[in-house]
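A short worksheet on the structure shown next.
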Amino acid sequence: MQVFRKLDNRERAAIKEKHSFTADLWRCTAEGCRWYQPWHRQSDGGLLPEELKIQAAATEPG
């Protein structure tokens, strides 16, 4: 099961042409993920542009 969060302003702007209502869109937070969807409606989702994919978390040298 993936963790999702609401789209931020940059993400909403990137898909505003596809979706007129972006207030209830959520995105996957897994590394490399670009998937977004309305809450509880996966079939209405899509992919964010490549530049908005989740990057690997930076690790501190240990």
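A few points about this structure:
- The chain - percent of accessible surface contributed by carbon and sulfur, probe 1.4 Å: 51 percent
- Rounded to the nearest 20, the size of the Cβ-charge dipole of segment 5-46 about its Cα centre is 60 debye, with Lys and Arg at +1 and Asp and Glu at -1.
- Calculated [222 nm] ellipticity per residue, helices only, for the chain: -3000 deg cm²/dmol; basis is -39500 (n - 2.57) per DSSP H run with n ≥ 4, divided by all residues, nearest 500.
- Efficiency of FRET from Cβ geometry, residue 51 and residue 23, R₀ 30 Å, rounded to 0.05: 0.85
- When its C-alpha radius of gyration is set against 2.2 N^0.38 Å (N residues), the chain gives a value of 1.19.
- Loop GluC sites (Glu not before Pro), the chain (other Cβ atoms within 10 Å of the site Cβ: 15 or fewer; DSSP): 17, 31
- Chymotrypsin sites (Phe, Trp or Tyr not before Pro) within the chain, DSSP loop, no more than 12 other Cβ atoms inside 10 Å: 21, 39
- Residue 52 accessible area, 1.4 Å probe, all protein chains in place, Å² to nearest 10: 20 Å²
- Per residue, the accessible area of the chain comes to 77 Å², computed with a 1.4 Å probe over protein heavy atoms only.
The values are calculated or read from the model by the stated rules, or taken from the named source; none is laboratory data. Predicted model only: the values in this text are computed from it and were never measured. In this analysis, Cβ positions are derived from the backbone assuming ideal geometry, glycine residues included, and neighbour counts consider all displayed protein chains. Note: areas computed on protein heavy atoms with side chains; ligands, DNA, RNA excluded. Shrake-Rupley method; radii C 1.70, N 1.55, O 1.52, S 1.80 Å.
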